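Take a look at the structure below.
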Amino acid sequence: METAYVLVKSQVAHEMDVMGELLKIDNVKEARGTFGVYDIFVKVEAKTSKELEDTITKNIRKVKYVISTTTLSVIPEQDKN
């Protein structure tokens, strides 16, 4: 299982719209609102790194009102779920 965390910046006043759409995406396991530079913290899990990449680039980044994303990849040796 591949895991990544995505930090999402959304358009002002559309955070809840974005979060609702993110939670509909396959492989998105969790989405939480945050204070600070980023608006939403998203946990993504997929079977392969290609599937993980596709989820982020083809789904998350295309959600309406998403301004930008920053992806934090998990070090496989430390991912002991």
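Among the aspartates and glutamates, which fall within straight-line cross-link reach of residue 50, defined as a Cα-Cα distance under 16 Å, with same-chain neighbours fewer than 8 residues apart omitted?
2, 26
Would you kindly state how much longer the chain becomes between residue 30 and residue 17 on full extension, computed as 0.36 nm times their sequence separation minus their alpha carbon distance, in nm to one decimal?
Fully extending the segment from residue 30 to residue 17 adds 3.2 nm.
In the set (1) 85; (2) 177; (3) 73, which value of volume of the Cα convex hull per residue in Å³ was calculated from the structure you see?
Given (1) 85; (2) 177; (3) 73, the calculated one carries the label (1).
Measuring from label point to label point, each 7 Å out along Cα→Cβ, what is the residue 58 to residue 78 span in nm?
3.0 nm
Taking θ = phi - 60°, what integer Hz values does the Karplus form 6.51 cos²θ - 1.76 cosθ + 1.60 yield along the stretch 7-23, in sequence order, with x for Gly and Pro?
Whole-Hz 3J(HN,Hα) from phi for the stretch 7-23: 9, 10, 9, 10, 5, 3, 6, 10, 4, 5, 4, 4, 4, x, 5, 4, 5.
With a 1.4 Å probe and every protein chain kept in, tell me what percent of the accessible surface of the stretch 25-67 is carbon plus sulfur.
The computed percentage sits at 49.
Which is the longest run of the chain containing none of the trypsin sites (Lys or Arg not before Pro) found in DSSP loop states (not H, G, I, E, B) with at most 16 other C-beta atoms within 10 Å?
The longest uninterrupted stretch comes out as 1-23.
What full-extension length gain, to one decimal in nm, is calculated for residue 50 and residue 37 as 0.36 nm per residue of separation minus the Cα-Cα distance?
Gain on stretching residue 50 to residue 37: 1.9 nm.
Going by amide H atoms built from the backbone, whose H comes under 5 Å of the H on residue 74, apart from near neighbours?
Counting only residues 5 or more places away or on other chains, the set is 3, 5.
Over the chain, what is the relative contact order in whole percent, taking alpha-carbon pairs under 8 Å and six or more residues apart?
The value is 45 percent.
The values are calculated or read from the model by the stated rules, or taken from the named source; none is laboratory data. None of these values were measured; they are calculated from a predicted model. Reconstructed Cβ throughout: ideal geometry from the backbone, glycine too, with neighbour counts over all protein chains shown. Side chains included, ligands, DNA and RNA excluded: accessible areas come from the protein's heavy atoms. Shrake-Rupley method; radii C 1.70, N 1.55, O 1.52, S 1.80 Å.
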